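The values are calculated or read from the model by the stated rules, or taken from the named source; none is laboratory data. Please read all numbers here as calculations on a predicted model, not as lab measurements. In this analysis, Cβ positions are derived from the backbone assuming ideal geometry, glycine residues included, and neighbour counts consider all displayed protein chains.
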Amino acid sequence: MATPADPLHNELLAALAPADWQRLQPLLEWTDMPLGQVMYESGRTISHVYFPVTSIVSLLYVMENGASAEIAVVGHEGVVGISLFMGGGSTPSRAVVQSAGEGWRMRGQVIKDEFNRAGPVMHLMLRYTQALITQMAQTAVCNRHHTLDQQLCRWLLLSLDRLEGSELVMTQELIANMLGVRREGVTDAALKLQRQGLVRYARGRITVLDRPGLELRTCECYAVVKKEYDRLLPLQPPA
């Protein structure tokens, strides 16, 4: 069996103070996160929080007719299941793995107990939650006011920030479901980016060839989200 991914490659876990990490490390469980796996369903009680390491999870809102749209993405910078420690226990969104990989999980009661300590772990999780709320709010603004081309660029950049390398394994149909648009629209937008030499798309794989060019092509929303994450989430544990 392959060696599990290092949990400290998750930036939230890496930002824990040494004493907090020593206390929590034995309570983490490795978990495989295959493409399409549903981490939790809308309205269901959440049993664990998940710390992705090499995977990306999409938080989706699903309409009564089955249509869906992505409201945020979570990768190695964060945690999935914030409603557990925020007191809700469930959420109207669904969490689905959009890029396969590995992660670590922790039982809900453990993270609740940590939060109730009202110490550094609580403050770290609250800062992350504020950053995640910023991403959700900016996604709503972006979907309302910016073009599909700009939305696709933002989505690609946010996903790349949460992966190693410059390649995404992602079909246009899945991207369309994430953005809440028709597949034809994603096809046209992806072809535009390809003609401009920014990406290469083939057989469900999108390779970013010119990241600076992609950043120039996107709207302000990507920079707003990235700046807030960088401001709120230190990558090193406190001394």
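Looking at Phe115, is it in a helix (DSSP H, G or I) and within 24 Å of Pro234 (Cα to Cα)?
Considered against the rule, which asks whether it is in a helix (DSSP H, G or I) and within 24 Å of Pro234 (Cα to Cα), Phe115 comes out as yes.
Looking only at segment 198-208, which residues are assigned to a strand (DSSP E or B) and surrounded by 12 or more Cβ atoms within 10 Å (Cβ to Cβ)?
Once the filter is applied, which keeps residues that are assigned to a strand (DSSP E or B) and surrounded by 12 or more Cβ atoms within 10 Å (Cβ to Cβ), segment 198-208 yields Val199, Arg200, Tyr201, Arg205, Ile206, Thr207, Val208.
Do you know which residues across segment 167-191 are at pLDDT 80 or above, part of a helix (DSSP H, G or I) and out of contact with any Leu (no Cβ under 6 Å at 6 or more places or on another chain)?
Hits for segment 167-191 are Asp188, Ala190, Leu191.
With the checklist (1) polar (S, T, N, Q); (2) surrounded by fewer than 23 Cβ atoms within 10 Å (Cβ to Cβ); (3) touching a residue at least 12 places away in the same chain (Cβ under 8 Å) in hand, flag the one item Ser55 doesn't pass.
(2)
Pick from segment 81-111 the residues that are out of contact with any helix residue (DSSP H, G or I) (no Cβ under 6 Å at 6 or more places or on another chain) and part of a helix (DSSP H, G or I): which of them is nearest to Asp161 (Cα to Cα)?
The residue in question is Ser83.
Within the set of pairs 6 or more residues apart or between chains, which connect a residue that is buried (at least 16 other Cβ atoms within 10 Å of the Cβ) inside segment 155-170 to a residue that is at pLDDT below 90 and assigned to a loop (DSSP other than H, G, I, E, B) with Cβ atoms less than 7 Å apart?
Short answer, once both residue conditions are applied: Leu160/Ser166; Met170/Gly204.
Per-residue answers, yes or no, for (1) in contact with a Ser or Thr (Cβ under 8 Å, 6 or more places away or on another chain); (2) under 16 Å from Glu114 (Cβ atoms); (3) not hydroxyl-bearing (Ser, Thr, Tyr):
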site	(1), (2), (3)
Asp6	no, no, yes
Asp20	no, yes, yes
Glu41	no, no, yes
His48	no, yes, yes
Ser83	yes, yes, no
Met86	yes, yes, yes
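Pairs under 6 Å by beta carbon, first residue in contact (Cβ under 8 Å) with a residue 60 or more places away in the chain and surrounded by fewer than 14 Cβ atoms within 10 Å (Cβ to Cβ) in segment 209-229, partner of a type in the set (Asp, Glu) and not in a helix (DSSP H, G or I), six or more apart or different chains?
Every condition considered, no pair remains.
Considering only residues that are hydroxyl-bearing (Ser, Thr, Tyr) and in a loop (DSSP other than H, G, I, E, B), look in segment 1-51 and name the one that is nearest to Gln98 (Cα to Cα).
Ser42
From the list Gly88, Gly66, Gly81, Gly108, exactly one residue is over 21 Å from Ala17 (Cβ atoms) and either surrounded by 20 or more Cβ atoms within 10 Å (Cβ to Cβ) or touching a Gly at 6+ places or on another chain (Cβ under 6 Å) (or both). Which is it?
Gly81
Check off (1) in contact (Cβ under 8 Å) with a residue 12 or more places away in the chain; (2) surrounded by fewer than 17 Cβ atoms within 10 Å (Cβ to Cβ) for Arg195 and give me the number that stays unchecked.
Unmet condition: (1).
With the checklist (1) at pLDDT 85 or above; (2) of a type in the set (A, V, I, L, M, F, W, C); (3) outside the structural domain of Ser55 (by TED's automatic domain parsing); (4) more than 20 Å from the chain's Cα centre (by Cα) in hand, flag the one item Ala118 doesn't pass.
(3)
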